[in-house]
Amino acid sequence: MKIGFSSADEAFREEVAQWMAAHLRGPFEALRFRGGPGDEHSFPEERKAWERELASVGFTCVGWNAEHGGRGLSLSQQVIFHEEYARAGGPGRMGHIGEGLVGPTLAAFGSKDQQRRLLPGILAGTEFWCQGYSEPGAGSDLANVQTRARLDDSGEYWLVSGQKVWTSLAHEADWCFVLARTEPGSRGHHGLSFLLVPMHQDGIRVQPIRQLTGTSEFNEVFFDQARTSVANLVGAPGDGWKIAMALLGFERGVSTLGQQMLFQNELDEVIRIAGENGASCDPLLRQRIARAWAGLKVLRYNSLRMLSGPQDGRLAREAMIYKLAWSTWHAELGKLAMDVLGAQAEIIDGAPYELSRLQSLFLFTRADMIYGGSNEIQRNVIAERALGMPREVRG
């Protein structure tokens, strides 16, 4: 669990910190601390250019093996990179889904041809991905997927029909990985396949989901006989559930430590404001700030424990509790931020929704306990898969 940092690691930390300080300037200065959760709609083209800037010095896909074009950094240096990136205010990564989810999945399950065709665009920051999992009737209950795919008469293409929802940055994506039902009459996690579908074609319609704040970083995606080559099936037909679950395991990898540094930045802002407006003199708020600080340390230690095991996509017990733990902690931070702001929390700077950083934090954390698997579903996963308890009775 303990990650020690050698002198070479500390030299790498200095390299990353200096590079970030030198490059988050000029055309990229406006990106500092922007583009994260709840702010993903901001500066999309500039953040794509930032991906290419990172790629130019090998700061994309730093944990990928050299055979796939990555730097093959040690675990300790990956931790350093993600922490220093977040500490410097590096913007939300447009390439996160490709780098953190698709890339490791193709490295583990993809064919050599798929790796050759698709990994370089992720590595170079020139091709972007979105996730085709959730549907109107299959959110937390992902095994209820109804999107279907069938082979065309030539046997050369899969034809995908159905609807996905809550698809972040689908309007900016070049590719979508789609969990689809390829075995007629199948139910649950049986008969599902994992398909890689190009987004720029007539059979796909992306419709933004407009929020009360006026933003729409996620979308509904409609597939109407959308085509993808048989060469874009990952694994074999019917392997979709196994691959989809492994992908979720990769999602809870080293980048979780970068996520926690973003949380630290938010907590630091809460502490700063509490010191300035006198909220820190309230003993109850002081206790809540202390609990938030301690809770974030626990999240970090659990992540280090999680990362000490094999990074093969399997969900260890430590990984199974992570989504429930961070989403609950973050939601409490959002409420704490509003209480520290006091009456100022109810005032916006301008119309229609010119929100402050902490107001945006509060509003977006309301969704943390729903997306990616609601807290209720997460507790079932922990009970049944981690603790071996009997399955919940289902009607």
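The values are calculated or read from the model by the stated rules, or taken from the named source; none is laboratory data. Fair warning: this is a prediction, and the values are worked out from it, not measured in the lab. Every residue, glycine as well, gets a Cβ built from its backbone with ideal geometry; the counts of neighbours run over all protein chains shown.
Considering region 116-137 alone, what residues qualify as being within 16 Å of residue 57 (Cβ to Cβ), of a type outside the set (S, T, N, Q) and surrounded by fewer than 19 Cβ atoms within 10 Å (Cβ to Cβ)?
Passing the criteria: only 124.
Going by the structure shown, is residue 51 in the same structural domain as residue 29 (by TED's automatic domain parsing), in contact with a Gly (Cβ under 7 Å, 6 or more places away or on another chain) and in a helix (DSSP H, G or I)?
On the way: in the same structural domain as residue 29 (by TED's automatic domain parsing): yes; in contact with a Gly (Cβ under 7 Å, 6 or more places away or on another chain): yes; in a helix (DSSP H, G or I): yes.
Spelling it out, residue 51 is indeed in the same structural domain as residue 29 (by TED's automatic domain parsing), in contact with a Gly (Cβ under 7 Å, 6 or more places away or on another chain) and in a helix (DSSP H, G or I).
Looking at 211, 207, 201, which is the one that is surrounded by fewer than 16 Cβ atoms within 10 Å (Cβ to Cβ) and in a loop (DSSP other than H, G, I, E, B)? If you could, list the steps in order and put the result at the bottom.
Numbers: 211 fails: surrounded by fewer than 16 Cβ atoms within 10 Å (Cβ to Cβ); 207 fails: in a loop (DSSP other than H, G, I, E, B).
Criteria check complete, one pass: 201.
Of the residues 95, 58, 72, which single one is buried (at least 18 other Cβ atoms within 10 Å of the Cβ) and either over 24 Å from residue 170 (Cα atoms) or in contact (Cβ under 8 Å) with a residue 40 or more places away in the chain (or both)?
Values: 58 fails: buried (at least 18 other Cβ atoms within 10 Å of the Cβ); 72 fails: buried (at least 18 other Cβ atoms within 10 Å of the Cβ).
Going through 95, 58, 72 in turn, just one is buried (at least 18 other Cβ atoms within 10 Å of the Cβ) and either over 24 Å from residue 170 (Cα atoms) or in contact (Cβ under 8 Å) with a residue 40 or more places away in the chain (or both): 95.
When you go through 100, 36, 121 one by one, which is the residue that is assigned to a helix (DSSP H, G or I), touching a residue at least 12 places away in the same chain (Cβ under 8 Å) and within 24 Å of residue 306 (Cα to Cα)?
On the way: 36 fails: assigned to a helix (DSSP H, G or I); 121 fails: within 24 Å of residue 306 (Cα to Cα).
Result: 100 is the single residue among 100, 36, 121 that is assigned to a helix (DSSP H, G or I), touching a residue at least 12 places away in the same chain (Cβ under 8 Å) and within 24 Å of residue 306 (Cα to Cα).
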